[in-house]
Each structure stands twice: as C-alpha cells, then as structure tokens.
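The structure appears below as structure tokens.
Bear in mind that the values in this text are calculations on the coordinates, not laboratory data. Not measured: the values here are computed from a predicted model. All Cβ positions, even for glycine, are placed from backbone atoms using ideal geometry, and neighbour counts span all protein chains on display.
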Amino acid sequence: MSPDVTSPHPAVGAGSAAGLGTAAIASSGPADDDAVRLTRHVVADLHHELVRNGLVAWTSGNISARVPGTDLLVIKPSGVAYDDLTAETMVVCDLAGAKVSDDLSPSSDTASHAYIYRHMPGVGGVVHTHSRYATAWAARGEPIPCVITAMADEFGGEIPVGPFAPIGGEEIGRAVVATLTGHRSPAVLLRSHGVFTVGATPRDAVKAAVMCEDAACTVHLASLAGQVAPLPADQIDALHRRYQNEYGQR
Ligand SMILES: [Zn+2]
C-alpha cells in the first residue's frame, strides 16, 4: 500500500456534513457553501467519465476543479477506488494545496494542481491520467504530431512533451505550466509519466484527456506503417479557429 493511502474505505473520515461544514470556514458565505457543494458533485461525477472512457487503471488518475468565486479547489481523495467516489469523499483544499476541512487525504498530485490554478487564472479544471497510448508517447518523450484534423481542432497543433518531474510536490505543476503557457494545446505529456490536461471547466479538461488518448492511439496506429506527414500550419490554424469558434451549438 502506498504511503499516501490513509483510509481503507471512503466512509472512514469522509463525514459529509462535517466536511462541508468545515470547508465553509474557508469560504465567505452561503453562496460559497453552495459553490463548494456543487463542485464536489461535479468533480465526483466526472471521475466516472475517466473509467467509462478507459483512461485509468485501479486508483490512478485524478480530477480537480476550482470552486468558482473562491480560492478553493476540489480534488479526488488519494488511493480511493473509483466506484467509491462520491461528492462527500471529494476533498476541499485551498490554492496552496492544503486541506481546509475534515475530508479524506487529497490526491498526492494536489500541490501540482494547486500550482496550476495559481499560475493559470483561466483554468477551472485539471485532469491527470496515465492513459495507455498517450503515456506510451510520454514514455518515449515524443510529442504527438498534428497529423489529423481532430488534433488541429482540439489541440491547435502537436501535443507537447514536458520534462520529467518528481511526484508529491508542485514540480509537476511547474512542468505543466511551463509547457502549456503560450501553447494552444490543453494537454501535455509529462515525460515518463502520463498526461495532464487543463480546461476552462473541469468537463473541458476531461474532454481534452479523452481526445488526447484518442489522438495518441490513432497517430500511433498510423505511424506503424511509416512516417506520417503533419498537417500544414495554415490548415491547422483554420481548423482550430473553426472548431473553437463555430463548431457545435452556439
Ligand atoms: Zn501520475
């Protein structure tokens, strides 16, 4: 059992009423309490998307969200099975990554998530996975080239590789911010580790994680038969612009 697993079952120490009540101390009023409560539900539900989309094995991977209008984030507890994740088992932390309520212990990646929120003000959600194909690219330390329209749409270019960083502190967060700042991609492959994605909302970050894995798989399969040519830069720009501004229901 890894050292950051503190509870064999989420019911232990989760105390929903106690957790929410104490979290409210760090917020400023009933509206913030509602925002914390809603964000707990959103983050818990989105974790099930990671399972549904085959992005995680056992307890690996995590999602966090900034609590709108506060200096708080909500994140997955450490080492708890996906089937046991509920709104009550989510963990509320401040933007320094410190737990502010009587919740379970937060994900071992919490300090890095907090670093990202502090340094990327437009980010409302962060996702981390070791999804299979994307992590295979990360293991090779190779960016995923932009060779298909779906990548131009979602990522606006290649999916970049960030440096290797140790787990547990904010070093991973630094690597994510350093790689994604000034880059259109909401996804980064951390060398020899896995994927981090960001989004304006946690759902956007989950979508980027799903699309990243899909692209990683497709481009890998295409590459098996030889070199694949990247799309021209002007085509990538046009596709990205159209997808970001015109695609879908407006
Ligand atoms: Zn990881």
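Miscellaneous remarks
- DSSP loop chymotrypsin sites (Phe, Trp or Tyr not before Pro) with at most 12 other Cβ within 10 Å: longest gap in the chain: 59-246
- Based on Cα contacts under 8 Å between residues 6+ apart, segment 110-250 shows a relative contact order of 34 percent.
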